[in-house]
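Step one of this worksheet: look at the structure below.
Just so you know, all these numbers are worked out from the coordinates, no wet-lab data involved. As the structure is a computational prediction, the values presented were derived from the model and not from experiment. Note that we place each Cβ from the backbone using ideal geometry, even for glycine, and neighbour counts take in every protein chain shown.
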Amino acid sequence: MYLVDTSALIHYLRGRKNVFTERLQFLIDQGIPYGINEIIYVEVLQGAKDPKEFRILKEFLGSQKFYSFRSEVAFYEDAAKIYLDCRRKGITVSSIIDCLIAQNTLDYDLILLHDDQDYIHIAKVRPLKLMDI
């Protein structure tokens, strides 16, 4: 099962042709389960250009499988520890949001499809599974 990060999903939604859209199209064509989470949902919606596009994106995203964050505070502590562990190893993670998404990916034992250097850095301190590109 896969989690598709905003960084990869945007390529697909914008109709771009690249390795990320090829990988996502492969998942779709093969019927391989994939989904998103709350942050990815909101990040994609915030990129809508107008109310019509917002509705279209909302409909598309609403049809995706959701891998929701754990509800307890420990989830957020675990994400913060990712950031701390990276920093202690001299690795700069540019967004705590990516730590939240990484922790969510780890919780569900998913493979992450992404176009974001932060996840490559995080995979140096956590057993984060990244889709081969």
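One table, with the values for the structure above:
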{"read-out": "Residues whose placed amide H lies under 5 Å from that of LYS129, excluding near-sequence neighbours", "value": "LEU112"}
{"read-out": "Protection proxy ranking of 68-81, 92-105 - average other beta-carbon atoms within 10 Å, highest first", "value": "92-105, 68-81"}
{"read-out": "For segment 64-133 versus segment 15-37, the gap between their alpha-carbon centres in whole angstrom", "value": "20"}
{"read-out": "Added length on full extension, which subtracts the Cα-Cα distance from 0.36 nm per residue, ASP115 to ARG87", "value": "8.0 nm"}
{"read-out": "Folded to 0 to 90 degrees: helix 96-107 orientation relative to the chain principal axis, Cα", "value": "90"}
{"read-out": "Rounded to whole Hz, the Karplus (6.51, -1.76, 1.60) HN-Hα couplings of segment 81-89, x for glycine and proline", "value": "5, 4, 4, 4, 5, 4, 4, 5, 9"}
{"read-out": "For ASN37, residues with placed amide H under 5 Å, excluding near neighbours", "value": "TYR67"}
{"read-out": "Relative contact order computed over segment 2-124 (Cα-Cα under 8 Å; 6+ residues apart), in percent", "value": "34"}
{"read-out": "For segment 70-76, 3J(HN,Hα) per residue [Karplus equation, 6.51 cos²θ - 1.76 cosθ + 1.60, θ = phi - 60°, Hz, x = Gly/Pro]", "value": "4, 7, 7, 4, 4, 4, 6"}
{"read-out": "All lysines inside 28 Å of LYS124 as judged from Cα atoms, apart from same-chain residues fewer than 8 positions distant", "value": "LYS65, LYS81, LYS89"}
{"read-out": "Cα long-axis angle, helix 51-62 against the chain (0 to 90 degrees, to the nearest 10)", "value": "60"}
{"read-out": "Debye equation applied to the C-alpha atoms of the chain, log10 I(q)/I(0) at 0.10 Å⁻¹", "value": "-0.32"}
